[in-house]
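Here's the structure, in structure tokens; my notes come after.
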Protein chains: 2
Amino acid sequence: MSSDAHERLTASVRRLIDATIRTEVDLAAIADAADTIDAATARLSNSLLPGSFGVQTTPDGRSIALGNVVIGGRNPIAPPLVVDHDADGAVHTDFVLGAAYEGPPGHVHGGICALILDHVLGATAHKPDQPAVTGTLTLRYVRGTRLGRRLRAQAQVDRIDGTKTFAVGSITDSDGVTVEAEGIFIHPRSTRP
Amino acid sequence: MSSDAHERLTASVRRLIDATIRTEVDLAAIADAADTIDAATARLSNSLLPGSFGVQTTPDGRSIALGNVVIGGRNPIAPPLVVDHDADGAVHTDFVLGAAYEGPPGHVHGGICALILDHVLGATAHKPDQPAVTGTLTLRYVRGTRLGRRLRAQAQVDRIDGTKTFAVGSITDSDGVTVEAEGIFIHPRSTRP
């Protein structure tokens, strides 16, 4: 399922992603790295899940989404965010994003800010085994979000109306808000397995 | 700058990301893969750009953003999208997303749909050497977007008012629209290098 070995592998692939973007070694060294990586991929592919990771249940009954692109401990694309749930129902997460998340030079891609805010606002609506899906999401970009700086995304519930949770949140750095968001998250009336 | 060797390396890392999520080989094989990858990363890191890739100029004068998280040919996180500009100013891109972009089981993360729509709507406003930044972006999720299906994202300009471009767009699969978007994209009045 997961393990320290899986987490170490995922961390290694994250460092490789960064080096792939930033490397300035010669073309022969790049070709050699590609050969090495293809060999590692072939060994990992000797046994593969037939599809995506999805949500699996641990031996002690917890649901885990290790392949999730935002929080998944086995997904090298995920920073991964660790979302903390506060006592009052608010959520927050602290993170730093590197070269792999670039849009405008030196800045986080606006769409990556949207990805993170979608996830964090949605987390205010999630209940165990009853995930919420996004209905609408609106983002206001106040100023650029810099790569390499300590960032916080936070969200809280504004109000709940039936199956709809209205959430608000933001991304901030040490100088204040960079992106604001509001969204409506919906619990499907019937959740099929 | 870039090359066939860089593109081949990036493609190799994309396959590795997928295998890292989906592998079911034993822990010893996973640890061995991590060692192999760390060695490749160390060789690539013998010479690194000091920061992110940013936007660089090719010998023939074109601006390229090879590190961009949506379109970057050297960024393994990027699918990468190839955005086609139609004669009437509209833009579109066709793509398939695999296990690495998962949110709800079997489905594209809603925030990845936001990332793609932010980029594609923004592309309607970009001019050579005068990129536009996102002001606001609103997303309406009509239904889930499936992993592994052929998808199209498209956008066009609704109207232009001074430095603001109002754009609309959507993601569709063979059954129709999954996510709709509208956004305002802004050309900063002074573009500093």
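To the nearest 0.05, how large is the calculated FRET efficiency for A:Arg140 and B:Ala28 if R₀ is 45 Å and r is the Cβ-Cβ distance? Don't skip to the end; give the middle numbers.
On the way: r = 50 Å, r/R0 = 1.10.
Efficiency for this residue pair is about 0.35.
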**OP:** Please list, or write none, the aspartates and glutamates whose alpha carbon is within less than 17 Å of the alpha carbon of B:Lys164, excluding same-chain residues fewer than 8 places away.
**Re:** B:Asp118, B:Asp129, B:Glu182
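Kirkwood hydrodynamic radius of the protein assembly as shown from all distinct Cα pairs, in Å?
On the way: mean 1/r = 0.0472 Å⁻¹.
Its Kirkwood hydrodynamic radius stands at 21.2 Å.
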Subject >> Inter-site label distance for A:Glu7 and B:Thr58 at 7 Å from Cα along Cβ, in nm >> reply: 4.3 nm
Subject >> Distance from segment B:21-61 to segment A:90-125 (C-alpha centre basis), Å >> reply: 22 Å
Original post:
Which residues' amide hydrogens lie under 5 Å from the amide hydrogen of B:Arg146, considering only partners 5 or more residues apart or on another chain, with H built in the peptide plane?
Top reply: B:Val108
Original post:
In degrees, nearest 10, range 0 to 90: what is the angle between the Cα axis of helix B:27-44 and the longest Cα principal axis of chain B?
Top reply: 60 degrees
Original post:
Roughly how large, in nm² to one decimal, is the mean projection of the convex hull of the alpha-carbon atoms in segment A:98-193?
Top reply: 6.9 nm²
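Within 10 Å of each Cβ in peptide A:136-144, how many partner chain Cβ atoms are there on average? Round it to a whole number, please.
Numbers: counts 5, 11, 7, 9, 6, 10, 1, 1, 1.
The per-residue average across the peptide is 6.
Expressed as a fraction of 2.2 N^0.38 Å, the rule-of-thumb size for a compact globular protein of N residues, what is the C-alpha radius of gyration of segment B:24-144? It would help to have the intermediate numbers written out before the result.
Values: Rg = 18.3 Å, N = 121, 2.2 N^0.38 = 13.6 Å.
The value comes to 1.34.
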Subject >> Radius 12 Å from Cβ of B:Glu7, net charge of other residues (Lys, Arg +1; Asp, Glu -1) >> reply: +2
**OP:** Just tell me how shielded A:53-63 is by partners: mean number of partner chain Cβ atoms within 10 Å of each residue's Cβ, no decimals.
**Re:** 2
Subject >> Across the identical copies, how the B:Leu48 labels are spaced - nm, sorted shortest first, 7 Å along Cα→Cβ >> reply: 2.9
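Within 10 Å of each Cβ in peptide B:93-105, how many partner chain Cβ atoms are there on average? Round it to a whole number, please.
Values: counts 0, 0, 0, 0, 2, 2, 11, 9, 7, 15, 14, 8, 11.
Across B:93-105, the average partner-chain Cβ count within 10 Å equals 6.
Every number in this text was worked out from the coordinates using simple rules, so none of it is lab data. Note that the structure is a prediction, hence the values are computed from the model and not measured. When we count neighbours, we look across all protein chains shown, and the Cβ atoms used for this are built from the backbone with ideal geometry, even at glycine.
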